[in-house]
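Here's the structure, in structure tokens; my notes come after.
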Amino acid sequence: MPETLKGRSFTRVADWSRGELELALDLADELKVERSRRKELRILPGRTLALIFRKPSTRTRISSEVAIAELGGMALYVPAADLQLARGESTRDTALVLSRFVSALLIRTFEQAEVDAYAEHASIPVVNGLTEEAHPLQALADAMTIRERFGTLTGVRIAYLGDGNNVCLSLLQIGARFGAHVVAATPPGYEPDARVVAQAAADAARNGGSVSVTNDAPSAAAGAHVLYTDVWTSMGHEDERERRIRDLRPFRLDADVLSAADPEAVVMHCLPAHVGEEITEELLYGPQSLVWDQAENRLHTQKAVLALVVR
């Protein structure tokens, strides 16, 4: 196993170079093939992955637990409310103590600053399982899925429609790393963070791609190879649900949007989906949907990340 990433954290896409991300994607491809052959690769025997979650999860939790188990280790699921964190123990102290017990931490929480604090103080790798600012594990699975279909990300036109949230930001970053042409179409006031967009645009330009933001959904979808969306009401924004549904309605993935895209376009969604809101049933379950491959690839990419970073 390559040593270049041993001990490294993965808190956002920008943490890793294009070469390092490519290494993870290539390994994920290999691991997927070996799993289909029922070949066991117990390359992390005796290692333990702690999962500290402040938010509920299906794909992140289950794929992470299965990933470390299939690599020969074990997972320890720890709701944050069950730790002394809930009684005021600091992130720093928690990171220092857990570094003596486990081989890696995967954190799913609200603030990016919390993940960054764990990464600063822990002596073991820290992996971001989702924050309000970033979802790098999802972006890695997205990149794997697009590569499987098109053979590359370079030059692929990706249109993200909806809320400029954490998934959108990480998609912009990973698309930029690989020279894709990524456009985020959002209503006014829902645009992705301008600082991240500017950094991703500069990165894309260096790699022969582009990153842009628009309020015009039809123009974003025109000629796209990939149409991508996410839920309109994320965890923590439930009180804004009615307003969000109203504002985001013109950005729904439906047959009209698909007809404007490339004839061979594919549809992606990171799940969970609210059918009839951000995406129609026809597209989610239709022949051009890659959603279920995308969900499966969370397992293979997370196995790759753990195999690369855990000592």
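Below is a table of values for the structure above.
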quantity: Breaking point among (1) open to solvent by 40 Å² or more (accessible area, probe 1.4 Å); (2) hydrophobic (A, V, I, L, M, F, W, C); (3) closer than 29 Å to Leu31 by Cα, for Val97; calculated: (3)
quantity: Residues (loosely packed, with under 14 Cβ neighbours inside 10 Å and within 22 Å of Leu153 (Cβ to Cβ)) located in the range 236-287; calculated: Pro263, Glu264
quantity: Pick from the range 123-152, criterion free of Cβ contacts under 8 Å to residues at least 60 places away in the same chain and of a type outside the set (Gly, Ala, Ser), ranking: farthest from Asp230 (Cα to Cα); calculated: Thr152
quantity: Qualifying positions in the range 221-235 - among the aliphatic types (A, V, I, L, M), within 24 Å of the chain's Cα centre (by Cα) and open to solvent by 30 Å² or more (accessible area, probe 1.4 Å); calculated: Met235
quantity: Positions within the range 165-211 being β-branched (Val, Ile, Thr), over 20 Å from Glu22 (Cβ atoms) and open to solvent by 10 Å² or more (accessible area, probe 1.4 Å), in sequence order; calculated: Val183, Val196, Val197
quantity: Residues being in contact with a helix residue (DSSP H, G or I) (Cβ under 8 Å, 6 or more places away or on another chain) and farther than 30 Å from Ser103 by Cα - total across the range 269-310; calculated: 13
quantity: Residue among Tyr118, Tyr160 that is over 28 Å from Glu277 (Cα atoms) and aromatic (Phe, Trp, Tyr); calculated: Tyr118
quantity: Contacts under 7 angstrom Cβ, first residue in the range 26-47 being over 12 Å from Thr301 (Cα atoms), partner among the acidic types (Asp, Glu), 6 or more apart; calculated: Leu41/Glu34
quantity: Arg108 being under 18 Å from Phe10 (Cβ atoms), among the basic types (Lys, Arg) and at pLDDT 95 or above; calculated: yes
quantity: Scope the range 9-46; condition surrounded by 19 or more Cβ atoms within 10 Å (Cβ to Cβ) and not in a helix (DSSP H, G or I); matching residues; calculated: Ser9, Phe10, Thr11, Arg12, Trp16, Leu44
quantity: Subset of the range 285-305 (residues that are closer than 17 Å to Val226 by Cα and either without any contact (Cβ under 8 Å) to a residue 60 or more places away in the chain or touching an Asp or Glu at 6+ places or on another chain (Cβ under 9 Å) (or both)); calculated: Tyr285, Gly286, Pro287, Gln288, Ser289, Leu290, Val291, Trp292, Asp293, Gln294, Asn297
quantity: Enumeration of residues in the range 95-111 that are within 25 Å of the chain's Cα centre (by Cα) and touching a residue at least 40 places away in the same chain (Cβ under 8 Å); calculated: Leu98, Val102, Ser103, Ala104, Leu105, Leu106, Ile107, Arg108, Thr109, Phe110
quantity: Lone unmet requirement of (1) touching a residue at least 12 places away in the same chain (Cβ under 8 Å); (2) under 20 Å from the mean Cα position of the chain (by Cα); (3) surrounded by fewer than 19 Cβ atoms within 10 Å (Cβ to Cβ) for Leu5; calculated: (3)
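The values are calculated or read from the model by the stated rules, or taken from the named source; none is laboratory data. Because the structure is a prediction, the values reported are computed rather than measured. Please note: Cβ atoms are built from the backbone with ideal geometry, for glycine as well, and neighbour counts cover all protein chains shown. Calculation scope for accessible area: heavy atoms of the full protein, side chains included, ligands and nucleic acids excluded. Shrake-Rupley method; radii C 1.70, N 1.55, O 1.52, S 1.80 Å.
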